[in-house]
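The values are calculated or read from the model by the stated rules, or taken from the named source; none is laboratory data. On a predicted model such as this, the values are computed, not experimentally measured, just so you know. No Cβ is skipped: glycine too gets one built from the backbone with ideal geometry, and neighbour counts run over all protein chains shown. All accessible areas refer to the heavy atoms of the entire protein, side chains included, with ligands and DNA or RNA removed. Shrake-Rupley method; radii C 1.70, N 1.55, O 1.52, S 1.80 Å.
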Amino acid sequence: MHSEILTQPGYTSSAVTEAPARELFPGIRQRPLWRGPSGAHAQVLEMDPGTSWPHRDIHEPGPEEVYVVAGTFNDGARDYPAGTFLHAPAGSWHVPATTTGCTLFVFYPEG
């Protein structure tokens, strides 16, 4: 084993089950996993069946990257099953929703 890996500056891990859930909208929870010094951050978004964002989700100041971990995610235009990766460039938008419920890993490389 190489225990020195764990002592490297900035090297970290997070357990989703230990991340505090914050309800953004009814049935939609955010679990923060990591935030870097430049504002980049990673989170898990849990959406209960039949939930949707109440307005356009605009990607500012930078892009949003989404990996569908479980369930089926809808961006307001089409469904994306588990295993799908989406990249939304800065300035783009969508209206997140799900009929089945879903879990998403969301990364904001520019904050």
Filter result (under 21 Å from Thr17 (Cβ atoms) and assigned to a loop (DSSP other than H, G, I, E, B)) within the range 38-54 = Asp48, Pro49
Residue satisfying condition, being in contact (Cβ under 8 Å) with a residue 60 or more places away in the chain and of a type in the set (Ser, Thr, Tyr), within set Ser38, Ser92 = Ser38
ask   = Does any residue of the range 51-64 turn out to be farther than 17 Å from Tyr108 by Cβ and open to solvent by less than 40 Å² (accessible area, probe 1.4 Å)?
value = yes
inquiry  = Considering only residues that are assigned to a strand (DSSP E or B) and buried (at least 16 other Cβ atoms within 10 Å of the Cβ), which ones fall in the range 80-103?
reply    = Tyr80, Ala88, His94, Ala97, Thr98, Cys102, Thr103
note = Within the range 11-37, the residues that are over 22 Å from Trp53 (Cα atoms), of a type outside the set (A, V, I, L, M) and open to solvent by less than 70 Å² (accessible area, probe 1.4 Å) are Ser14, Gly36
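Answer yes or no: is there a residue in the range 2-10 that is without any contact (Cβ under 8 Å) to a residue 40 or more places away in the chain, among the β-branched types (Val, Ile, Thr), exposed (fewer than 10 other Cβ atoms within 10 Å of the Cβ) and on the phi < 0 side of the Ramachandran plot.
yes
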task = State the number of residues belonging to the range 40-50 that are open to solvent by less than 60 Å² (accessible area, probe 1.4 Å) and closer than 19 Å to Thr100 by Cβ.
result = 5
